[in-house]
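Step one of this worksheet: look at the structure below.
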Number of protein chains: 2
Amino acid sequence: MWVYEEQIDGKNLTEIINTEHENVKYLPNIKLPHNLVAVPNLREVVEGADIVIFNIPHQFLKNIFKQLDGIDFSKARAISCLKGLNVNKDGVTLLSDYIEQELGLHCGVLSGANLAPEVALEKFSETTVAYPLPKNYYPGDVDEDLLQILFQRTYFHVRTSPDTAGVSIGGALKNVVAIGAGLVEGYGWGDNAKAAIMRRGLMEMVRFGITFFPDCRPETFTVESSGVADLITSCASGRNVRVGREAARTGKHVDVVEKELLNGQSAQGIATMKEVHELLTHRGMTEDFPLLIAIYDICYGDLRIDDLPKVLADGPATQAGSRRNSVGEPAHQCNAGEDAAKL
Amino acid sequence: MWVYEEQIDGKNLTEIINTEHENVKYLPNIKLPHNLVAVPNLREVVEGADIVIFNIPHQFLKNIFKQLDGIDFSKARAISCLKGLNVNKDGVTLLSDYIEQELGLHCGVLSGANLAPEVALEKFSETTVAYPLPKNYYPGDVDEDLLQILFQRTYFHVRTSPDTAGVSIGGALKNVVAIGAGLVEGYGWGDNAKAAIMRRGLMEMVRFGITFFPDCRPETFTVESSGVADLITSCASGRNVRVGREAARTGKHVDVVEKELLNGQSAQGIATMKEVHELLTHRGMTEDFPLLIAIYDICYGDLRIDDLPKVLADGPATQAGSRRNSVGEPAHQCNAGEDAAKL
């Protein structure tokens with residue numbers, strides 16, 4: 001395991017991890033397995049690896065790419081645990097695709113209702129691993145089944161999927177929906193309203209997926225841990241719902257709340273909300289995503305939380321009973337029946 | 001509106017409602033519309049009605065049927081807001097079908113994330129109305145669109161569906177899942193575990209639906225307010241999650257907790273859990289519903305909450321990656337993509 005070297009009380013962090021089997025800075029009070037070795041040299045860890053697992057803040061990716069320059073990854077495979085997307089006004093790309101493009105390293109995605117402190121304590125949780133086979137697949141190569149065995153524990157259940165886009169989008173957009181859930185909660189509405197926002201959010205996540213990634217599967221959002229379960233967890237606690245709640249309760253701007261409440265950390269949903277708003281506005285698609293747009297307009301425009309029911313009812317794509325597919329996509333098939341059977 | 005006549009401080013409840021426009025006993029501090037008239041005579045209210053809405057505790061149904069004996073309902077239609085199912089070891093029937101059989105009154109279902117006190121205060125919420133057209137449909141008859149207009153308000157959004165079974169099963173089984181969510185929460189596991197139980201519960205609800213009602217649509221559970229949103233609300237607060245939480249926290253039996261905690265009210269999920277367990281055992285289907293069975297076994301058998309991850313991983317139908325459809329049903333199609341478009 002590569003660890004960015006830091007000094008803790010005059011000692012190297014890697015040394016502490018390797019002697020005390022504890023990451024005293026980032027995961028204190030959790031005993032790590034003895035066969036997990038911390039190494040400060042990135043190339044040393046990665047060169048010759050069969051599987052590379054990326055679990056870093058994604059703003060460090062560029063620097064990581066530089067350090068890995070020239071390594072032959074043609075036989076290696078990767079899994080990204082990064083949450084987020086590259087979104088700007090021109091479109092959306094996946095971080096796993098970014099890794100693949102920059103390093104020539106075929107990369108899947110792991111995401112789910114996986115709050116790290118709970119996983120570290122071996123409390124029961126589930127996750128989704130999305131891993132389509134690479135184009136240069138060879139017999140004995142890494143596949144879904146091997147990844148399932150690699151990550152599965154009694155307390156940590158793994159479901160696999162080919163839908164890298166669906167898993168990645170779920171991990172990113174749930175943060176925006178969580179801000180919305182926080183807003184209605186902080187405003188004094190109850191569990192009905194919060195559940196309504198989560199349901200609408202889930203539906204807009206599906207639509208976002210199939211709009212920008214035609215192969216995306218709706219059931220990745222409605223059935224998988226990376227979709228509905230991660231949304232539930234994020235709207236229960238988590239930074240984004242707390243920011244929304246506090247903003248509505250106090251009337252303060254979300255940017256102010258983020259600073260005051262999170263003590264220097266950031267609520268990823270705020271950045272994603274802005275990027276998604278820019279994309280949808282630029283593409284003329286705001287009417288197809290009334291909730292995602294409304295959350296932005298409450299935070300940065302003139303919309304009041306009180307207007308939400310009206311805005312969500314009035315959108316042309318939101319009339320109950322209307323079967324118009326407003327994104328102009330062909331009807332996508334899913335099979336929750338089969339998925340239910342392979343839980 | 002029929003109201004069971006009671007004396008409140010020497011006055012008839014119907015009189016109080018009609019003069020003060022408030023149901024001081026069952027919905028205090030909420031002003032009712034002036035055009036809502038309370039009537040103590042059931043036949044008087046129902047005879048000649050175009051649409052009859054059932055919103056009573058379902059144990060009173062039999063007595064209601066007696067009072068309505070002989071009324072011609074061939075042109076009337078009904079909506080049931082009752083939550084529950086008739087489940088015993090021989091099978092499952094819907095309360096709406098029971099109404100239809102007993103009265104010859106075609107009956108749909110309304111269910112969703114609709115905690116009544118919040119709806120009464122006009123806080124934002126959504127619901128699902130399931131209403132397949134009657135066999136003796138005539139031009140100008142009640143249809144989905146009319147019901148949508150009838151129930152829709154700015155603060156109360158209605159989506160319609162033909163899936164009476166899916167909507168009814170969601171309303172009943174979510175209570176059992178909520179007990180499970182409460183158990184893991186009270187045991188000290190976190191949001192990951194709770195979300196995992198809810199996701200697994202949602203999948204077993206789908207499977208229960210398509211097993212016992214072949215026309216049932218999986219997306220009624222994964223997409224509608226009556227499914228995923230009602231589950232979210234019920235697992236957030238509500239009697240059933242509180243009973244599960246307290247039982248795990250204190251080690252007391254759920255039956256004891258129900259008495260101590262609910263002050264004479266009942267947690268519907270306890271009765272449903274027992275009935276469903278009886279049905280699945282009798283049919284030899286326990287392996288297909290490992291979560292529903294495990295919740296029962298924790299409450300009434302020897303299973304420990306600690307065993308849950310193992311039990312949920314070991315079921316033959318629960319292996320991630322396995323595509324076996326263990327209920328022997330053909331793969332059911334759903335279309336969350338289209339559903340997302342008609343939010």
Practice prompt. Report whether or not A:Lys123 is within 14 Å of chain B (Cβ to nearest Cβ), within 30 Å of A:Lys252 (Cβ to Cβ) and either basic (Lys, Arg) or touching a helix residue (DSSP H, G or I) at 6+ places or on another chain (Cβ under 8 Å) (or both).
Written response: no
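Listed here are the residues, each with its yes/no results for (1) without any contact (Cβ under 8 Å) to a residue 24 or more places away in the chain; (2) touching a Phe, Trp or Tyr at 6+ places or on another chain (Cβ under 9 Å).
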residue: A:Glu5; (1), (2): no, no
residue: A:Gly10; (1), (2): yes, no
residue: A:Glu15; (1), (2): yes, no
residue: A:His21; (1), (2): yes, no
residue: A:Ile51; (1), (2): no, no
residue: A:Asn63; (1), (2): yes, no
residue: A:Gly70; (1), (2): yes, no
residue: A:Ile79; (1), (2): no, yes
Discussion item. Between a residue in segment A:23-38 that is touching a residue at least 60 places away in the same chain (Cβ under 8 Å) and any residue that is assigned to a loop (DSSP other than H, G, I, E, B) and not polar (S, T, N, Q), which pairs come within a Cβ distance under 9 Å, given they are 6 or more apart or on different chains?
Written reply: A:Ile30/A:Glu22; A:Ile30/A:Leu121
Item to complete: Could you grab me the full set of residues in segment A:161-185 that are surrounded by fewer than 24 Cβ atoms within 10 Å (Cβ to Cβ) and outside any helix (DSSP H, G or I)?
Response: A:Pro162
Discussion item. Taking the conditions exactly as written (closer than 29 Å to B:Thr233 by Cα and either within 21 Å of the chain's Cα centre (by Cα) or not basic (Lys, Arg) (or both)), does B:Gly48 satisfy them or not?
Written reply: no
Worksheet item: Inside segment B:1-43, can you point out the residues that are among the polar types (S, T, N, Q), surrounded by fewer than 15 Cβ atoms within 10 Å (Cβ to Cβ) and not in a helix (DSSP H, G or I)?
Response: B:Gln7, B:Asn29, B:Asn35, B:Asn41
Practice prompt. Go through segment B:44-103 and give me each residue that's assigned to a helix (DSSP H, G or I) and hydroxyl-bearing (Ser, Thr, Tyr).
Written response: B:Ser96, B:Tyr98
Worksheet item: Just checking, which of A:Glu122, A:Glu47, A:Glu100 is acidic (Asp, Glu), surrounded by 16 or more Cβ atoms within 10 Å (Cβ to Cβ) and more than 17 Å from A:Glu5 (Cα to Cα)?
Response: A:Glu100
Response to the item:
The correct count of residues that are under 26 Å from A:Val158 (Cβ atoms), over 16 Å from the mean Cα position of the chain (by Cα) and buried (at least 24 other Cβ atoms within 10 Å of the Cβ) in segment A:204-216 is 1
Discussion item. Please verify whether A:Gly201 is touching a residue at least 12 places away in the same chain (Cβ under 8 Å) and of a type outside the set (A, V, I, L, M, F, W, C), treating the condition exactly as stated.
Written reply: yes
Worksheet item: Considering segment B:81-90 alone, what residues qualify as being in contact with a helix residue (DSSP H, G or I) (Cβ under 7 Å, 6 or more places away or on another chain) and in contact (Cβ under 8 Å) with a residue 60 or more places away in the chain?
Response: B:Lys83, B:Gly84, B:Leu85, B:Val87, B:Asn88, B:Lys89
Worksheet item: What helices (runs of 4 or more DSSP H) lie completely within segment B:217-292 and have 2 or more residues being within 14 Å of chain A (Cβ to nearest Cβ), out of contact with any Pro (no Cβ under 9 Å at 6 or more places or on another chain) and not aromatic (Phe, Trp, Tyr)?
Response: B:218-222, B:230-236, B:239-250
Worksheet item: Taking into account only those residues within segment A:126-166 that are of a type in the set (Asp, Glu) and without any contact (Cβ under 8 Å) to a residue 24 or more places away in the chain, which is farthest from the other protein chains (Cβ to nearest Cβ)?
Response: A:Asp143
Item to complete: State yes or no: is A:Arg245 surrounded by fewer than 24 Cβ atoms within 10 Å (Cβ to Cβ) and touching a helix residue (DSSP H, G or I) at 6+ places or on another chain (Cβ under 6 Å)?
Response: yes
Fill in: Of the criteria (1) closer than 29 Å to A:Ile30 by Cα; (2) at pLDDT below 95, which one A:Gln152 fails
(2)
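The values are calculated or read from the model by the stated rules, or taken from the named source; none is laboratory data. Bear in mind the structure is a predicted one, so any value in this text is a computation, not a measurement. So basically every Cβ, Gly included, is an ideal-geometry build from the backbone, and we count neighbours across all protein chains shown.
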